[in-house]
1. Using the reciprocal of the averaged 1/r over all distinct C-alpha pairs, how large is the Kirkwood radius of the range B:52-103 in Å?
2. When Lys and Arg each count +1 and Asp and Glu each count -1, what net charge do the other residues less than 13 Å away from B:R103, Cβ to Cβ, add up to?
3. If you average the C-alpha positions of the range A:33-73 and of the range B:45-62 separately, how far apart do those two centres end up, in angstrom?
4. With angles folded into 0 to 90 degrees, how steeply does helix A:11-33 sit against the dominant principal axis of chain A? Use alpha carbons for both and round to 10.
5. How big is the dipole moment of the protein assembly as shown about its Cα centre under a simple scheme where the beta carbon of each Lys and Arg is +1, that of each Asp and Glu is -1, and everything else is neutral? Debye, nearest 20, please.
6. Got the A:T101 label distances to the other copies yet, label 7 Å along Cα→Cβ, in nm, shortest first?
7. Got the A:R139 label distances to the other copies yet, label 7 Å along Cα→Cβ, in nm, shortest first?
8. What is the Cα centroid distance between the range B:116-148 and the range A:74-94, reported in whole angstrom?
Number of protein chains: 2
Amino acid sequence: MSTDPTPPGFELPLRLLLAFRTIIDELHERIAREGHPDLRPMHGFVFQAIGPHGTTAVELGRRLGVSKQAAGKTIEGLEQLGYVARGSDPADARRKVVRLTDRGVDCLARSARIFDELRAEWSATLGEEQLRRLEDGLRQLAPGDPFRLDTPRWFGTP
Amino acid sequence: MSTDPTPPGFELPLRLLLAFRTIIDELHERIAREGHPDLRPMHGFVFQAIGPHGTTAVELGRRLGVSKQAAGKTIEGLEQLGYVARGSDPADARRKVVRLTDRGVDCLARSARIFDELRAEWSATLGEEQLRRLEDGLRQLAPGDPFRLDTPRWFGTP
DNA sequence: ACGGATGGACAACCTCGTTGACTATATGGA
DNA sequence: TCCATATAGTCAACGAGGTTGTCCATCCGT
């Protein structure tokens, strides 16, 4: 009886990234076929950061880890794509509230459904028990809120 | 006896990304303390793409999934940081071969050692058996060569 | 009522990617 | 041999998206 050699340490992180990419690419392929071909991987993060109640450019920048000006540009782009709309706040004339449009909400709902479908497919591939062990292991390796919203900017320059 | 509810489908990809970020951030924190404070997450990919025998700007761009001009700019930056050096190819006067310097090789060796150290720490946290099951599961979810070198560009715009 | 804090917008700049055009060199076929 | 084509590298212009600095309108506590 022999023991498998220990895998090199760099394999796990690369597999983590590859698995993430695989999932996100598959998500965007499907959501593009369902009428949202303009979305980029980072847009899902932005939609989550905007949230169901809307937000402002300053708050969005804080959540995404970018300046308020950068958040403003992102909002402008999503506005032109029809995913968000800006309105005024009657209680504070300075604030301009950004909310998801029906199209944005539709996109978010489809994303959630497709993610669930993908998980069901992985469950069928690995077995539900092994998938849960994998999720449990990841929770121990990387505890805390998985919604780190400053990820899009994390690559790139200092 | 009750069954835990199925986690939402979006948790797994977010945990995959969070775990990857955690590992890479830890790597760069340690390698910065060991004399390489200028490195960015993407530089490890570039070093791997250059490889032990050196390469050219065109080939590097092909491996990284960017244009030869972008690869050239990246090489220029790493050259100024002292991690790579350019030489000429006696067999083909058009080619300029990019090779890792001693400093680049040192960095690559330290990365490999730190990755192994980190894996040993995760093994102590999760238990070697569970860590292997996690790696096995990821290999099934994301099979194939984990060295997808076009990742740095993968976020960002079309 | 006023002075500081806050939200938003505009401008200038930086980094890093792109495409297009150009030069120098290899290479293969008439 | 000679020429057409393909390839390696570089330069220039541009765009996306981030940064900081500045300014103005609006709130809010004293």
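The values are calculated or read from the model by the stated rules, or taken from the named source; none is laboratory data. Only a predicted model underlies this, so the values are computations on that prediction, with no experimental measurement involved. A quick note on method: Cβ atoms are made from the backbone with ideal geometry, for glycine too, and the neighbour counts reach across all protein chains shown. The accessibility values were calculated without ligands, DNA or RNA, using every heavy atom of the protein model including side chains. Shrake-Rupley method; radii C 1.70, N 1.55, O 1.52, S 1.80 Å.
1. Computed over Cα pairs of the range B:52-103, the Kirkwood hydrodynamic radius comes out at 11.1 Å.
2. Here the count lands on -3.
3. Between the Cα centres of the range A:33-73 and the range B:45-62 lies a distance of 35 Å.
4. 50 degrees
5. That gives the protein assembly as shown a dipole magnitude of about 1200 debye.
6. 5.2
7. Here the equivalent label points are 2.6 nm apart from this one.
8. One Cα centre to the other: 43 Å.
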